[in-house]
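The values are calculated or read from the model by the stated rules, or taken from the named source; none is laboratory data. No experiment lies behind these values; they were computed from the predicted model shown. So basically every Cβ, Gly included, is an ideal-geometry build from the backbone, and we count neighbours across all protein chains shown. In case anyone asks, the SASA skips ligands and DNA or RNA and just uses the protein heavy atoms, side chains included. Shrake-Rupley method; radii C 1.70, N 1.55, O 1.52, S 1.80 Å.
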Amino acid sequence: MKKKFIAIIAGILMLLLFATCGTAAPATDPSGAGAPAQTPPAAAADAEQEPITLRFLHKWPEPEFRPWFDALVESYMELNPHVTIIAEAAGDDPIKDLLRIVIGTDQQPDVFFAWSGEFANNFVRAGVVLDLTPHLDADGGAWRNTFMRAGLEPYEMDGRNWGIPIRVNSKVFVYNEALFAEHGLTAPETWDEFLYVAQTFRDAGITPIGFGNASPWAACHYITGLNQKMVPHDVRLVDYYFMTGEFTHPGYVAAHDMFLELHDLGFFNPYVNSTTHSMAREAWFMGESAMFYLSLGEFRTIAAEIGPDGWGFFPMPEIPWGEGRPNYLVGAPDGFLVSAFSQHPEQAIDFLQYMTNMENAVSLIQEIGWPSAVIGAVEAADAPDWLIAGVNNLAEADGMALWLDTDIHIRIADVWLPGLQELLEGTITSEELMQRVQAIAQEVRATYE
Amino acid sequence: MKKISPAALIIKIVVLTLLFIYALTIIYPLIWMVIQGFRTNREFFSDTWGMPQVWVYQNYIDAWNFGIRTYFMNSVFVTATSVVLTVITSSLLAFFLTRYSFKISKLLLVFVLGGMMLSPQISVISLFQLLQTMNLYNTHWALIIPYVAFRIPFITFLMRGYFLGMPREIEEAAFIDGCSSFGIFLRVVLPIARPIIATSALLAAMTFWNEFMFGLVFIESDSLRTIPVGLMNLRGTLVTRWTTLIAGLALSAIPIIMVFLACQKQLVRGLTAGGVKG
Amino acid sequence: MYKSQKRALLYAVPGMALVLIFVYYPLILTFYNAFYRWNAFSPVRTFIGFENFQRLFSDPVIGIALTNNTLYAVISVIFQCGLGLVLAAVLENKMFSKFQGFFRTIYFMPVVVSFAVIGILWQLALHPASGIVNPFLHLIGLGAFAQDWLGQSTTAIYSIIFVSQWQNIGYIMLLFLVAMQKIPTDYYEAAAIDGATGIKSFFHITIPLVKEMTLVTVVITVIGAYRVFDEVFIMTEGGPGMSSQTLVTYMYRTGFRTDEMGYASAIAVLMFVVLLILTLIQIRVAGTGRSKGEG
């Protein structure tokens, strides 16, 4: 018995060891930071060039988007045979932790995704980000002039450029045209109209707004817009900067109350805190809710699920009594930073220039339907109507309110966002939430004084 | 033996029913998982109880290709290597602790066994620092070495108990025949200790296979991830494809359940010998 | 025999070195780290004395986490040790010993499955709109108890604890089964002659004779409860709000999400202290501290 068992165990172990031989080789490859790339003999012209390895970290591992990045990397490596790019992708939530972990290590990516605003500034202040200003300004600003202002500006800090945008995203309400027509409704322009539309659906027994807040950035994007509309522009900017934030303006409480009202009036689907954004979105695709708050970057998924027609969108409705600037959008560019410790910064920048050249900007639009930050790309790409409309909407706006959670200090966001779940649950009020935010803002200020 | 009275029979039936219901609450979610893996997203959302209208094998193929294959191989490699290293180092250590008496031996014993009380969770941040300075971060060794180090105290403890109970006569005979101490360890002690080695290997393998936190913090590359962390990653990747994700869950669970069913007896014996998990 | 003592030290070196460098040294490093303000990606480290430790006492989330860990411990002791003991006793009973193998296999099955699988599975199953738990409750007439399990701060931690019980009862039951198998059958036979069968013999024979194992299981579950990470991180990440945070998840969050590695280290130190106290209590209760290991 025992012998047989030992034999079995030994056998299993041997099998396991052999089974891994196949994987060991590729597995060790990414771990060897400086593993020299094999120069194909065919590329004689490049034979003298030193092999270069770049690490590239982005945040789109989804099967809808990742192939575009893989193809980009592939084609860049074909054009530059001496360059090997190791691409990694981590999703929206994991990348927030992963970036912090990996940036301090020897496995630090040369080119990495970061949200604009405080999220990127945090890394800039730590001295781990390369200043891209000279590269943007080279040749009379040749590279700089290819980007929309709304793409570059949020990545500026202290008058320097730190990030290169790949797309400019914004948040809008999409709606089911058939349901709207059925109830004789049109896209609302003001908050009161919006409430009326929602009430109409509510009365008809249809969920007015699909909403999934299992990850509380979903609620945070509502608050991003409502804060912008309710709080005077300058006050908000002062508050969002971690050295001066106080958050005492009454507009914040009002913004939260208006958001909470949507929930309390039954305008959202039930179980918002355990429903994920994508679950709720699926329900909207299936016609179970009338409206949904999502980003331009998700338009292609809608087109794929329910077709190019049958749905429309409108920006967050204006609030006439709000003290913020009118005609602002909720949104931000998504883009990449270059590591200050990169061994090959020139190559990293060359890769970014390749990523944002017109050809790839057009491909970005055609392949995955993203609003490229490159000027003229949408026109050149013969983009679908829904994307043109979305980008025009962006162009017509006077400004953008960056995602709240990546625009304020992480410790404040870490109190604020979980608080939004509690707010929806009814365990705290808007006032209490803002008191917590004020308290943590003060603590953060004190920390850095 | 007395005959079963009607009252006893009723009790028997009631208790059996309860036991069976409890068994169902364990088995059903697992079966549900396997079945949902064959359905489409839409089917899943419209009726979570239902059977697939068409059995979609594609979910399983996709889940395998989207990552489970890589994660599985990584888990196998990390687990197997860690187990081998744990068994080697621990048996040597236990051999030393039971066969030699130095002045510091008692101290060493306390030192090793004291390690059992230290939780890996407490050290995750400093270990991260340490691995980073050793240039091990984001390699499989960043998992293997800490896994082994944190398992040594317990496995040594298990083996020490066994080694102490072994009859010394054979060792003495081997010594007289001219065997070196290492020879005795290799040719006498280890063969006799096979049951405890198997037990230790199984216990260690179970811990390593399911370990989550180190895998989360010490590995960055998707191509190096082990199953538990890889699944979390898949959840982020397949945000819109629940049934593919569920297929991935099933694919990760089935092999380990098969292994369990195959060497249940040994595992049970091992667990009871240890009395400690995790 | 065994005399060439200097060379013999070589046997101890690999194991000792690994334990020293990767188990003990990080612990010391944790204490050291807790006196600084620093994050993972910035080279700047500021010595701030006991500030991180002081903050432990004013941070409301620490209170929530400690409460949750304690809840976890209490419930786990009741269900895993209590129910595990009862299940083991039932399966050891002559009436059911025929079925023991079958039930033992099934009850133990979730133990070997990674919590990543179980957590994600139950997260789906517990969802009120697309899960199977609430429909099941309606089916058996308990629809009134249906909840938004993971979406409410009042139920989230309990739901996580429930899933953890679901996974681990089989394991504890198994430990009890082994302990019971060591009880000589003539004890029961003698008791039966005195008229003590079934429940009576359970209380008078089984429980006293598995006392040691009871202690072992209590220690395992309690210490495990203060180390919980996977369960919470996978199912709720500490939400909704901060309602399901535990010490380890909160440590992870402060260290790797909000850039406070120093504070996270202080939380780790707190954990060390809590676990140390628990271990000392255990040694005290066990008298000699040799209660571990039945084999």
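Once phi is turned into ³J(HN,Hα) by the Karplus curve 6.51 cos²θ - 1.76 cosθ + 1.60 with θ = phi - 60°, what whole-Hz value does each residue of region C:132-148 show in order, with x for glycine and proline?
10, 6, 5, x, 5, 4, 4, 4, 8, x, 10, x, 5, 8, 4, 9, 8
Bin width 10 Å, origin at 0, all Cα-Cα pairs of region B:58-274: what percent of pairs per bin?
The distribution over region B:58-274 is 8, 28, 30, 21, 9, 3, 1, 0, given as percents.
Counting pairs of alpha carbon atoms under 8 Å apart in space and at least six apart in sequence, what relative contact order in percent does region B:108-246 give?
Answer for region B:108-246 is 30 percent.
Using the Karplus curve 6.51 cos²θ - 1.76 cosθ + 1.60 with θ = phi - 60°, what ³J(HN,Hα) values do you get for each residue of region A:337-343, in whole Hz, with x for Gly and Pro?
Karplus values, whole Hz, x for Gly and Pro: 10, 10, 5, 5, 9, 4, 6.
Name the residues of region B:31-60 whose accessible area, probed at 1.4 Å, falls by at least 20 Å² once all protein chains are in place instead of their chain on its own?
B:TRP32, B:MET33, B:ARG42, B:PHE44, B:PHE45, B:THR48, B:TRP49
Given contacts defined as C-alpha pairs under 8 Å and at least six residues apart, what's the relative contact order of chain B, whole-number percent?
31
Considering only protein heavy atoms and a 1.4 Å probe, what is the carbon-and-sulfur percentage of the accessible area of the protein assembly as shown?
On the protein assembly as shown, the fraction of accessible area on carbon and sulfur atoms equals 63 percent.
Over all Cα pairs of the protein assembly as shown, how is the pair count split among 20 Å bins, expressed in % and running from 0 up to the last occupied bin?
Reading the bins upward from 0: 12, 42, 34, 11, 1, 0.
When chain A is treated as a GNM, springs tying every alpha-carbon pair under 10 Å, which of A:ALA361, A:ALA439, A:ALA377 comes out with the largest mean-square fluctuation?
A:ALA439
Run through all the Cα pairs of region B:71-135 and give the fraction in each 5 Å bin from 0, expressed as whole percent.
4, 13, 12, 17, 23, 16, 9, 4, 1, 0
Over chain C, what is the relative contact order in percent, taking alpha-carbon pairs closer than 8 angstrom and at least six residues apart?
In percent, rounded to a whole number, it is 29.
For the protein assembly as shown, report the accessible area per residue in Å² (1.4 Å probe, heavy atoms, rounded to an integer).
I get 39 Å² per residue for the protein assembly as shown.
Looking at the protein assembly as shown, what % of its DSSP beta bridges pair antiparallel, to the nearest 5?
Roughly 65 percent of the DSSP beta bridges within the protein assembly as shown come out antiparallel.
Amide H to amide H, which residues 5 or more places from C:ILE48 or on other chains are under 5 Å from it, using H placed in the peptide plane?
Residues meeting the amide H criterion: C:TYR36, C:ARG37.
Given a 10 angstrom Cα cut-off, can you work out which residue in C:LEU137, C:LEU276, C:LEU56 is the most mobile in a GNM of chain C?
C:LEU137
May I ask you to evaluate 6.51 cos²θ - 1.76 cosθ + 1.60, the Karplus curve with θ = phi - 60°, for each residue of region C:68-73 and list the ³J(HN,Hα) values in order in whole Hz, giving x for glycine and proline?
Going residue by residue, I get 5, 4, 5, 4, 4, 5 Hz, with x marking Gly and Pro.
In Å², rounded to the nearest 100, what is the total accessible surface buried by chains A and C against each other with a 1.4 Å probe?
That pair hides around 2400 Å² of surface in total.
Charges on Cβ only, +1 for Lys and Arg, -1 for Asp and Glu, centred on the Cα centroid of chain A; of A:ILE440, A:HIS135, A:GLY322, which one is farthest towards the dipole's positive end?
Ranked along the dipole, the leading option is A:ILE440.
With unit charges on the beta carbons (Lys and Arg positive, Asp and Glu negative) and the dipole taken about the Cα centre of the protein assembly as shown, which residue among B:THR199, A:GLY390, C:PRO60 sits farthest to the positive side?
Checked the options; the winner is B:THR199.
Name the trypsin sites (Lys or Arg not before Pro) in region B:68-161 that are in a loop by DSSP and that have at most 13 other C-beta atoms within 10 Å, would you?
In loop regions of region B:68-161 (DSSP not H, G, I, E or B), the sparsely surrounded trypsin sites (Lys or Arg not before Pro) are B:LYS103.
Accessible area lost on pairing B with A, both sides, 1.4 Å probe, Å² to nearest 100?
For B against A, buried area totals roughly 3500 Å².
How many percent of Cα pairs in region A:42-126 exceed 14 Å?
68
Taking the Cα centre of region A:332-449 as the origin, how large is its charge dipole in debye, to the nearest 20, when only Lys and Arg (+1) and Asp and Glu (-1) carry charge on their Cβ atoms?
300
Restricting to chain A, what percent of DSSP beta bridges are antiparallel, rounded to 5?
Bridges in chain A are about 60 percent antiparallel.
Tell me which of B:ILE145, B:LEU224, B:LEU190 sits at the most positive position along the dipole axis of region B:58-274, charges placed on C-beta atoms (Lys, Arg +1; Asp, Glu -1).
Checked the options; the winner is B:LEU190.
Take the Cα pairs of region A:116-204, get the Kirkwood Rh, then feed it into Stokes-Einstein at 10 °C and 1.306 mPa s and tell me D in µm²/s.
Answer, rounded: 96 µm²/s.
Can you give me the distance in nm between label points at A:ASP139 and B:LEU107, each placed 7 Å from the Cα along the Cα-to-Cβ direction?
With each label placed 7 Å out from Cα toward Cβ, I get 7.0 nm.
Determine the principal axes of the Cα atoms in region C:78-143, then give the extent along each, sorted from largest to smallest and rounded to whole angstroms.
Result, largest extent first: 44, 32, 23 Å.
With the cut-off at 26 Å, tell me which of the pairs B:LYS106/B:LYS265; B:LYS106/C:LYS6; B:LYS12/C:LYS200 have Cα atoms farther apart than that.
From B:LYS106/B:LYS265; B:LYS106/C:LYS6; B:LYS12/C:LYS200, over 26 Å: B:LYS106/B:LYS265.
Can I get the semi-axes of chain C's equivalent ellipsoid? Compute them from the C-alpha gyration tensor as square roots of 5 times the eigenvalues, in angstrom, largest first.
Equivalent ellipsoid semi-axes, largest first: 39, 31, 17 Å.
Buried by at least 20 Å² relative to the chain on its own: which residues of region B:131-146 qualify, computing accessible area with a 1.4 Å probe on protein heavy atoms?
B:GLN132, B:MET134, B:ASN135, B:TYR137, B:ASN138, B:THR139, B:ILE145
Treating only the Cβ of Lys, Arg, Asp and Glu as charged (+1, +1, -1, -1), what charge dipole size does the protein assembly as shown show about its Cα centre? Round to the nearest 20 debye.
Roughly 7140 debye for the protein assembly as shown.
For the pair B:LEU190/C:TYR32, report the inter-label distance in nm, with labels modelled 7 Å from Cα in the Cβ direction.
Distance between the two pseudo-spin positions: 3.7 nm.
Loop-only GluC sites (Glu not before Pro) in region A:119-216, please: DSSP not H, G, I, E or B, and at most 16 other Cβ atoms within 10 Å.
A:GLU189
Determine the dipole magnitude for chain B: charges of +1 sit on the beta-carbon of Lys and Arg, -1 on that of Asp and Glu, nothing else is charged, the reference point is the Cα centre, and the result goes in debye to the nearest 20.
For this selection, approximately 740 debye.
What residues have an amide H closer than 5 Å to that of A:PHE147, excluding those fewer than 5 places away on the same chain, when H is modeled at 1.01 Å from N in the peptide plane?
A:ILE375
Enumerate the amide H contacts of A:LEU130 below 5 Å, restricted to partners 5 or more residues apart or on another chain; note that Pro and chain-start residues carry no placed amide H.
A:VAL338, A:SER339, A:ALA340
Anyone know which of A:ALA204, A:ALA255, A:ALA89 comes out most mobile in the 10 Å Cα GNM of chain A?
Judging by the Gaussian network model, the answer is A:ALA204.
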